[in-house]
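Heads up: the structure comes next, in C-alpha cells.
The values are calculated or read from the model by the stated rules, or taken from the named source; none is laboratory data. Being a predicted model, the structure only gives us computed values, none of them experimental. For neighbour counting, all protein chains shown are included, and Cβ atoms are generated from backbone atoms with ideal geometry for every residue, glycine included. The area values use the complete protein model at the heavy-atom level, side chains included, leaving out ligands, DNA and RNA. Shrake-Rupley method; radii C 1.70, N 1.55, O 1.52, S 1.80 Å.
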Amino acid sequence: MKKAHLTRRDMALRWCAAAALLAVCAWMWLPGSRTLAAAHRQAVGDFLAFPAETLCEVETDSGEWLILSQNADAVCLGRYYKAGWLNWRCEYLWPVLERDAGRPFVAGADRVTVEEGRGYDRRIVRHYVFGCVWDPAVETVKISFRGENSEEQISEQTVRLDVAAMERDSQGEKWFFQPMDPVKGIVSWTSSVTGYDGQGRVLGKQYVSGLGRWEDEL
C-alpha cells in the first residue's frame with residue numbers, strides 16, 4: 001500500500017495543532033491564576049472570610065486592575081497585574097477595613113503611579129478613595145484631598161457624593177469608588193471622608209491616608 005505523501009501545508013497544519021496543544025497544556029498546568037477573577041478569588045480566600053462580594057473592577061492608568069470587595073465584616077481593595085502571557089497575580093490586598101458597628105461608614109484610599117519620573121517632584125499619581133456607607137442617616141459624603149509638593153505648593157480637591165445615588169451591593173448596602181484627578185510632584189498628602197446627615201451635621205470624619213484614623217481619635 002502506497003504511503004500518503006504530506007504536503008508542506010499539511011505539515012504546517014500539524015505543527016500548528018501540536019503547538020496549540022502544548023500551549024493549552026501549559027495554560028492548564030502552570031502555577032498561578034489564569035484569569036483576573038481567579039486571582040481575585042484566591043487572594044480574597046487567603047485574606048478574608050468568605051463570602052466576599054465583588055463591587056467593582058477598575059483598570060488603572062498603569063494597566064493594573066483594582067477590585068473592590070466586601071463581606072459582612074470587612075471591605076478591601078486588591079491590586080492585580082498580568083504576570084506574563086498566561087497568569088494574573090495579586091500585588092496586594094490592602095487595606096482591609098473592618099466594619100465597626102459604632103461608625104456610620106468605612107473608607108480607605110489607594111494611589112497608583114500614572115507616570116514615572118525622577119523623584120517625587122516629577123512623578124504623576126492618581127488617588128482612589130473608596131468605602132461603604134452602612135448608616136441610613138448619612139445622606140452626603142464629602143471626599144477631601146490635600147497634597148503638597150517639595151516647593152510647598154498645595155493641591156486640593158473636593159468631591160461630594162449623594163448617598164442616595166450610590167450603587168448598592170446584593171444586600172442593599174451602599175458603596176462608592178471615587179478616582180481623584182492625577183497630581184504631579186506630591187510628596188505628602190492627606191485625604192479624608194466626612195459623612196453628613198440631612199441637616200448638614202457631621203456624623204463622622206475619617207482620615208484615609210496613613211493609619212486611617214477617625215477625627216475623634218486624634
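Numbers for the structure displayed
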{"read-out": "For the range 71-214: rounded, prolate or oblate by the Cα gyration tensor [a/c cutoff 1.5]", "value": "oblate"}
{"read-out": "Thr158 - accessible surface, heavy atoms, 1.4 Å probe, Å² rounded to 10", "value": "90"}
{"read-out": "Distance histogram in 10 Å bins (all Cα pairs of the range 114-170, percent per bin)", "value": "16, 38, 24, 18, 4"}
{"read-out": "Per residue, in Å², the accessible surface of the range 174-218 once ligands and nucleic acids are set aside, probe 1.4 Å", "value": "52"}
{"read-out": "Residue-span extension gain [Ala37 to Tyr81] - 0.36 nm each, minus C-alpha spacing", "value": "14.7 nm"}
{"read-out": "Percent accessible area from carbon and sulfur atoms, the range 54-162, protein chains only, probe 1.4 Å", "value": "41"}
{"read-out": "Debye log10 I(q)/I(0) for the range 47-118, one point scatterer per Cα, at q = 0.22 Å⁻¹", "value": "-1.03"}
{"read-out": "In Å², nearest 10: area of Asp169 left accessible to a 1.4 Å probe", "value": "20"}
{"read-out": "Shape call, the range 140-187: gyration tensor on alpha carbons, a/c limit 1.5", "value": "prolate"}
{"read-out": "Leu211 accessible area, assembled protein chains, probe 1.4 Å, Å²", "value": "140"}
{"read-out": "Where Leu66, Leu55 fall by accessible area, highest first, once all protein chains stay in place (1.4 Å)", "value": "Leu55, Leu66"}
{"read-out": "Extension gain (nm, one decimal) between Val114 and Lys142, 0.36 nm per residue minus Cα-Cα", "value": "7.6 nm"}
{"read-out": "Sites Asp169 and Thr190 - FRET efficiency at Förster radius 30 Å, r taken between beta-carbons, to 0.05", "value": "0.55"}
